[in-house]
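**Student:** This is the structure I want to talk about, given as structure tokens.
The values are calculated or read from the model by the stated rules, or taken from the named source; none is laboratory data. Every value quoted in this text rests on a predicted model; they were computed, and no experiment measured them. Neighbour counts are summed over all protein chains in view; Cβ atoms, including those assigned to glycine, are modelled from backbone coordinates with ideal geometry.
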Amino acid sequence: MQKQRTTSQWRELDAAHHLHPFTDTASLNQAGARVMTRGEGIYLWDSDGNKIIDGMAGLWCVNVGYGRKDFAEVARRQMEELPFYNTFFKTTHPAVVELSSLLAEVTPAGFEHVFYTNSGSESVDTMIRMVRRYWDVQGKPEKKTLIGRWNGYHGSTIGGASLGGMKYMHEQGDLPIPGMAHIEQPWWYKHGKDMTPDEFGVVAARWLDERIQEIGADKVAAFVAEPIQGAGGVIIPPATYWPEIERICRKHDVLIVADEVICGFGRTGEWFGHQHFGFQPDLFTAAKGLSSGYLPIGAVFVGKRVAEGLVAGGDFNHGFTYSGHPVCAAVAHANVVALRDEGIVQRVKDDIGPYMQKRWRETFSQFEHVDDVRGVGLIQAFTLVKNKAKRELFPDFGEVGTLCRDIFFRNNLIMRACGDHIVCSPPLVMTRAEVDEMLGVAARCLAEFEQALKARGLA
Ligand SMILES: Cc1ncc(COP(=O)(O)O)c(CNc2cccc(C(=O)O)c2)c1O
């Protein structure tokens, strides 16, 4: 059991020894970290006993909710039986075989092969190496550039961060590495001007056609994108975007890769986000909802064309010590069985997703500085704007987002500010009553936010 300490004792030790990700350590240590001690369903408790609504499912990942004691039992049994063995050197073990077989059932037809990693970033880096290896084996060693999107997020390894389009990440570590290119994101609210969303979707997709022709189709290996950009602020492309992207990629023989780390495993109401938008990738990456965050595991799902290419190439010189880790695989298996057999994914599509989307729009469309209220399944957002009628954003993008997020946090509600986008991605098991509870708290927070804007002379 955890050692019992006071909040200030936890904070003091944390400040003395723990460097947090994506954090300004000095400013964090002035305020002190919030110490989360327990989770149950959609709720968290901190070390001061506050009960918190987790509107972010951890980090977009705790799809089945907190407190699954059955998963703990699966982990205990596997840990006692075989706590580790590798999948190198012609060996395997029952846990990873059973998971691989189950995943072949829940992924779309044509995806019979899976490669395991420990995270979404490692899945993206694995995909980069697979795609480049594929074109080598095809006798096209020049066809190596991968195209991503500005404000896309593909992780924090050197490959993933380079493929992603977060410029503040590129500035640290001299990124992107060679062989990476980016096109603008399909953010209608900012770039759509006087086009309808459907008109804009085609225009935004054709930015890819232009880029491919600039680089030369014979040098472009793949286009990589999230079905819905998550950490970029839940940027949902118009319905016309992905079909046009697919047409363009097929025209130039450029592989399509969907980064399903957030959209995968039920988030949109389909098992995978590409199914919601109706396109067929050649590979897709996953992590987060694969195990609901109970243990770290990621995966690359490899379609028939690329799988056959890799197999034909003989040795694929890539992998990780913990690829297919037995305990992680066993818990991921239990998680996917729960998502399927408890009807969690289907319920997002048929019930709680439509309910959330209706209530989300009802709750937030009323506020003067909230616009572009959007979402699908159980991933939703809105944008804080200076002037709705003009579709005018606030000048210092991100300032008011942080202000709003901090008001939520003070009211024991976790939602994420991505710039001035407020995003929400709760556990998929959320009930209708919990949706109403969360939105009731959020509405009160938005009223306080509107007051705070006026008090600061920002509105
Ligand atoms: C689409 C996508 N691809 C890859 C990754 C990387 O996964 P790992 O973190 O497991 O290496 C992600 C991760 N997404 C992510 C990770 C951490 C924070 C936030 C945020 O929104 O603040 C988002 C992601 O959202």
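**Student:** Looking at (1) at negative phi; (2) touching a residue at least 40 places away in the same chain (Cβ under 8 Å), can you tell me which one residue 65 breaks?
**Tutor:** Tallying (1) at negative phi; (2) touching a residue at least 40 places away in the same chain (Cβ under 8 Å), residue 65 fails exactly one: (1).
**Student:** Going residue by residue through the range 364-381, is there one that turns out to be in contact with a Pro (Cβ under 8 Å, 6 or more places away or on another chain) and within 16 Å of the ligand (Cβ to nearest atom)?
**Tutor:** Going through the range 364-381, the residues in contact with a Pro (Cβ under 8 Å, 6 or more places away or on another chain) turn out to be 378.
Still in the list and also within 16 Å of the ligand (Cβ to nearest atom): 378.
Within the range 364-381, one or more residues are in contact with a Pro (Cβ under 8 Å, 6 or more places away or on another chain) and within 16 Å of the ligand (Cβ to nearest atom).
**Student:** Something else: Evaluate the following for residue 361: is it under 21 Å from residue 419 (Cα atoms) and without any contact (Cβ under 8 Å) to a residue 24 or more places away in the chain? Steps first, answer last, please.
**Tutor:** Working: under 21 Å from residue 419 (Cα atoms): yes; without any contact (Cβ under 8 Å) to a residue 24 or more places away in the chain: yes.
Against the criterion (under 21 Å from residue 419 (Cα atoms) and without any contact (Cβ under 8 Å) to a residue 24 or more places away in the chain), residue 361 qualifies.
Condition check ((1) at pLDDT below 95; (2) farther than 30 Å from residue 271 by Cα) across all residues:
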site: 331; (1), (2): no, no
site: 343; (1), (2): no, no
site: 364; (1), (2): no, no
site: 369; (1), (2): no, yes
site: 388; (1), (2): no, yes
site: 397; (1), (2): yes, yes
site: 403; (1), (2): no, yes
site: 409; (1), (2): no, yes
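A quick yes/no check of all residues on (1) at positive phi; (2) in contact with a Leu (Cβ under 7 Å, 6 or more places away or on another chain); (3) among the small types (Gly, Ala, Ser):
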position	(1), (2), (3)
210	no, no, no
216	yes, no, yes
227	no, no, no
234	yes, no, no
247	no, no, no
250	no, no, no
257	no, yes, no
265	yes, yes, no
270	no, no, no
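**Student:** While we're looking at this one, here's another question. Against the definition (more than 16 Å from residue 256 (Cβ to Cβ), of a type in the set (A, V, I, L, M, F, W, C) and loosely packed, with under 14 Cβ neighbours inside 10 Å), how does residue 88 come out, yes or no? Break it down into steps so the answer makes sense when it comes.
**Tutor:** Numbers: more than 16 Å from residue 256 (Cβ to Cβ): yes; of a type in the set (A, V, I, L, M, F, W, C): yes; loosely packed, with under 14 Cβ neighbours inside 10 Å: yes.
Yes: the conditions hold for residue 88.
**Student:** Any idea which residue in the range 254-299 is surrounded by the most Cβ atoms within 10 Å (Cβ to Cβ), counting only those that are closer than 15 Å to residue 346 by Cα and aromatic (Phe, Trp, Tyr)?
**Tutor:** Ranking the qualifying residues of the range 254-299, first place goes to 265.
**Student:** Looking only at the range 32-40, decide whether some residue is away from the ligand (no atom under 16 Å from the Cβ), on the phi > 0 side of the Ramachandran plot and modelled with pLDDT under 95.
**Tutor:** Let us first name the residues in the range 32-40 that are away from the ligand (no atom under 16 Å from the Cβ), namely 32, 35, 37-40.
Subsequent filtering for residues that are on the phi > 0 side of the Ramachandran plot retains 32.
Narrowing further to those that are modelled with pLDDT under 95: 32.
So far as the range 32-40 goes, yes, one or more of its residues are away from the ligand (no atom under 16 Å from the Cβ), on the phi > 0 side of the Ramachandran plot and modelled with pLDDT under 95.
**Student:** Which of the helices (runs of 4 or more DSSP H) contained wholly in the range 153-223 include at least 3 residues that are farther than 27 Å from residue 374 by Cα and more than 16 Å from the ligand (Cβ to nearest atom)? Talk me through it step by step, then tell me what you get.
**Tutor:** Details: elements: 158-163, 167-170, 188-191, 197-215.
The helices (runs of 4 or more DSSP H) meeting that bar are 197-215.
**Student:** Let me ask something additional. Please work out which one of (1) in contact with a helix residue (DSSP H, G or I) (Cβ under 8 Å, 6 or more places away or on another chain); (2) among the hydroxyl-bearing types (Ser, Thr, Tyr); (3) away from the ligand (no atom under 14 Å from the Cβ) is the condition residue 91 fails and give its number.
**Tutor:** Single failed check for residue 91: (1).
**Student:** Of the residues 286, 299, 307, which single one is modelled with pLDDT of 95 or more, aliphatic (A, V, I, L, M) and touching a Phe, Trp or Tyr at 6+ places or on another chain (Cβ under 6 Å)? I'd like the intermediate steps shown before the answer.
**Tutor:** Numbers: 286 fails: touching a Phe, Trp or Tyr at 6+ places or on another chain (Cβ under 6 Å); 307 fails: touching a Phe, Trp or Tyr at 6+ places or on another chain (Cβ under 6 Å).
From the options 286, 299, 307, the qualifying one is 299.
**Student:** What's the total number of residues in the range 189-206 that are surrounded by 18 or more Cβ atoms within 10 Å (Cβ to Cβ) and more than 9 Å from residue 240 (Cα to Cα)?
**Tutor:** Going residue by residue through the range 189-206, those that are surrounded by 18 or more Cβ atoms within 10 Å (Cβ to Cβ) are 192, 200-201, 203-205.
Filter once more, so that each one left must be more than 9 Å from residue 240 (Cα to Cα): 192, 203-204.
Qualifying residue count for the region: 3.
**Student:** Then there's this: Would you mind listing the helices (runs of 4 or more DSSP H) fully within the range 235-331 where at least 3 residues are away from the ligand (no atom under 16 Å from the Cβ)? Please lay out each step first, then the result.
**Tutor:** Numbers: elements: 241-252, 273-277, 304-312.
Ranges flagged: 241-252, 304-312.
**Student:** Considering only the range 128-152, how many residues are part of a helix (DSSP H, G or I) and more than 26 Å from the chain's Cα centre (by Cα)? Talk me through it step by step, then tell me what you get.
**Tutor:** Of all residues in the range 128-152, those part of a helix (DSSP H, G or I) come to 128-137.
Checking which are more than 26 Å from the chain's Cα centre (by Cα) leaves us with 135-137.
Number of matching residues: 3.
**Student:** Here is a further query. What is the residue count in the range 113-152 for residues that are free of Cβ contacts under 8 Å to residues at least 12 places away in the same chain and either within 15 Å of the ligand (Cβ to nearest atom) or at negative phi (or both)? Even if it seems obvious, please write down each step before you answer.
**Tutor:** Here is the first cut: in the range 113-152, the residues free of Cβ contacts under 8 Å to residues at least 12 places away in the same chain are 139, 141.
In the following step, the residues that additionally are either within 15 Å of the ligand (Cβ to nearest atom) or at negative phi (or both) were identified as 141.
Of the residues in that region, 1 qualify.
**Student:** May I pose another question? May I ask you to verify whether residue 165 is touching a helix residue (DSSP H, G or I) at 6+ places or on another chain (Cβ under 9 Å) and surrounded by 16 or more Cβ atoms within 10 Å (Cβ to Cβ)?
**Tutor:** Numbers: touching a helix residue (DSSP H, G or I) at 6+ places or on another chain (Cβ under 9 Å): no; surrounded by 16 or more Cβ atoms within 10 Å (Cβ to Cβ): yes.
No.
**Student:** Residue by residue through the range 347-392, note down the ones that are touching a helix residue (DSSP H, G or I) at 6+ places or on another chain (Cβ under 7 Å), hydrophobic (A, V, I, L, M, F, W, C) and in a strand (DSSP E or B).
**Tutor:** Those that are touching a helix residue (DSSP H, G or I) at 6+ places or on another chain (Cβ under 7 Å), hydrophobic (A, V, I, L, M, F, W, C) and in a strand (DSSP E or B): 370, 373, 376, 382, 384.
**Student:** State which residue pairs qualify: first residue hydrophobic (A, V, I, L, M, F, W, C) and modelled with pLDDT of 95 or more and inside the range 226-237, second residue near the ligand (Cβ under 8 Å from one of its atoms) and assigned to a loop (DSSP other than H, G, I, E, B) in any location, beta carbons under 8 Å apart, and separation of 6 or more residues or different chains.
**Tutor:** Close Cβ pairs satisfying both conditions: 228/262; 228/263; 231/153; 231/262.
**Student:** Also, I was wondering about something else. Quick check on the range 104-112. Is at least one of its residues surrounded by 19 or more Cβ atoms within 10 Å (Cβ to Cβ) and either within 16 Å of the ligand (Cβ to nearest atom) or more than 23 Å from the chain's Cα centre (by Cα) (or both)?
**Tutor:** Restricting attention to the range 104-112, the residues satisfying the condition of being surrounded by 19 or more Cβ atoms within 10 Å (Cβ to Cβ) are 107, 111.
Narrowing further to those that are either within 16 Å of the ligand (Cβ to nearest atom) or more than 23 Å from the chain's Cα centre (by Cα) (or both): none.
So far as the range 104-112 goes, no, none of its residues is surrounded by 19 or more Cβ atoms within 10 Å (Cβ to Cβ) and either within 16 Å of the ligand (Cβ to nearest atom) or more than 23 Å from the chain's Cα centre (by Cα) (or both).
**Student:** Please find, among 30, 78, the residue that is touching a residue at least 40 places away in the same chain (Cβ under 8 Å) and either assigned to a helix (DSSP H, G or I) or surrounded by 18 or more Cβ atoms within 10 Å (Cβ to Cβ) (or both).
**Tutor:** Exactly one residue qualifies, and that residue is 78.
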